[in-house]
Amino acid sequence: MDAVIKKTFPSFSNDLIADIEANDSVQSFKTGTVIMRTGQYIKNTVLVTKGKIKVYREGEEGGEFFMYYLQPGQACAISMVCATKSEKSQIMAKVVEDAELILVPLSLMDQWMMKHRSWYEFVIGTYRSRFEEVLEVIDSIAFRAMDERLEFYLKRHADACGCQDLKLSHQEIATELNTSREVISRLLKKMEQRNLLKLHRNHIELLKK
């Protein structure tokens, strides 16, 4: 596991890695598994070494509001915040690609913040990057029309996977943008006419400008 941590989290010091290995619990999760639910108390910080996790809010009627993805080399900032204050989770987290996670007991967080400079910098960097990402989402909702929100949404997914081929259904996009499938289908068709993307049966291909 030492080599995996060093490769995935290159900023971690050797002493920190040794502490992680002495206290962690490595678990594998299949696609579709919900690993964090609204209302539950969080007992571990999640470090991702493999796969992809979708973090989102769930509405009272079952609708979803997509926030961001967690990928290898990243951690869940919200779980860190909830844990340090012993608060319940306000978000959902679901595996969208088979994942391997390092679960670090949250009781060690404060101790490591003082003991390991590399852990302190990682935690602060995680807070900052997630805060900036959530601000982008808020700006998208508050100041953009649905067609602009859709373009922003597709770009975020492309950036997350590092690819131009997105395996997203029209209904999935509609659910996460809180609109209807018909609206999304119409806007995607307009984007195709503008040569921004190409629609396929089971995926969306973004075209480079």
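Estimated from helices alone, the mean residue ellipticity of the chain at 222 nm is -14000 deg cm²/dmol (sum of -39500 (n - 2.57) over DSSP H runs with n ≥ 4, per residue).
Taken about its Cα centre, the stretch 117-156 carries a charge dipole of roughly 180 debye when the Cβ of each Lys and Arg holds +1 and the Cβ of each Asp and Glu holds -1.
Where the alpha-carbon atoms of the stretch 1-149 are placed on the principal axes, they occupy 49, 29, 29 Å, in descending order.
Take every pair of alpha-carbon atoms less than 8 Å apart whose residues are at least six positions apart; their mean separation over the length of the stretch 48-114 yields a relative contact order of 43 percent.
Rolling a 1.4 Å probe over the protein heavy atoms of the chain, with every protein chain left in place, gives an accessible area that is 48 percent carbon and sulfur.
So what is the relative contact order for the chain, in percent, with contacts set as C-alpha pairs under 8 Å and at least six apart?
21
The GluC sites (Glu not before Pro) of the stretch 35-122 that DSSP puts in a loop, and whose beta carbon has at most 15 other beta carbons within 10 Å, are 60, 61, 87.
Taking the Cα centre of the stretch 6-163 as reference, the dipole from Cβ charges on Lys and Arg (+1) and Asp and Glu (-1) amounts to some 280 debye.
Sort 143, 131, 66 from largest to smallest accessible area, using a 1.4 Å probe on the heavy atoms of the protein chains.
Working: 143 155, 131 130, 66 10 Å².
So the residues, ranked largest to smallest area, are 143, 131, 66.
Over all other residues within a Cβ to Cβ distance under 15 Å of residue 143, the charged ones net out to -3, with Lys and Arg as +1 and Asp and Glu as -1. Under the simplified labelling scheme, the residue 11-residue 65 pair shows an inter-label distance of 2.8 nm, with each label point 7 Å from Cα along Cα→Cβ. Counted over the stretch 39-91 with a bin width of 10 Å, the fraction of Cα pairs per bin, in whole percents, is 24, 48, 27, 1.
Coupling constants for the stretch 7-23 follow from the phi torsions by the Karplus curve (6.51 cos²θ - 1.76 cosθ + 1.60, θ = phi - 60°), and in residue order they are 6, 7, 10, x, 7, 6, 6, 4, 5, 5, 4, 4, 5, 4, 5, 6, 10 Hz; glycine and proline get x. Rounded, prolate or oblate: which one fits the stretch 78-187, using the alpha carbon gyration tensor with axes a ≥ b ≥ c (rounded when a/c is under 1.5, else prolate when a/b beats b/c, else oblate)? Since a/c reaches 1.5 and a/b is larger than b/c, the shape of the stretch 78-187 is classed as prolate. Taking other residues whose beta carbon is less than 14 angstrom from the beta carbon of residue 117, and scoring Lys, Arg as +1 and Asp, Glu as -1, yields -2.
Mean sequence separation of contacting Cα pairs (under 8 Å, at least six apart), scaled by the length of the stretch 116-209, corresponds to a relative contact order of 20 percent.
Residue separation of residue 21 and residue 58 scaled by 0.36 nm, minus their Cα-Cα distance, works out to 10.0 nm of gained length. Which one of 103, 120, 140 is farthest out on the positive end of the charge dipole of the stretch 94-153, using unit charges on Cβ (Lys, Arg +1; Asp, Glu -1) and the Cα centre as origin? Selected residue: 120. In the assembled protein chains, residue 157 presents an accessible area of approximately 10 Å² (probe radius 1.4 Å).
Rolling a 1.4 Å probe over the heavy atoms of the protein chains gives the stretch 22-108 an accessible area of 47 Å² per residue.
The values are calculated or read from the model by the stated rules, or taken from the named source; none is laboratory data. Remember, it's a predicted structure, so these values are computed and weren't measured experimentally. Using ideal geometry, Cβ is built from the backbone for each residue, glycine included, and neighbour counts are taken over all protein chains shown. What goes into the accessible areas is simple: the full protein's heavy atoms, side chains included, and nothing from ligands, DNA or RNA. Shrake-Rupley method; radii C 1.70, N 1.55, O 1.52, S 1.80 Å.
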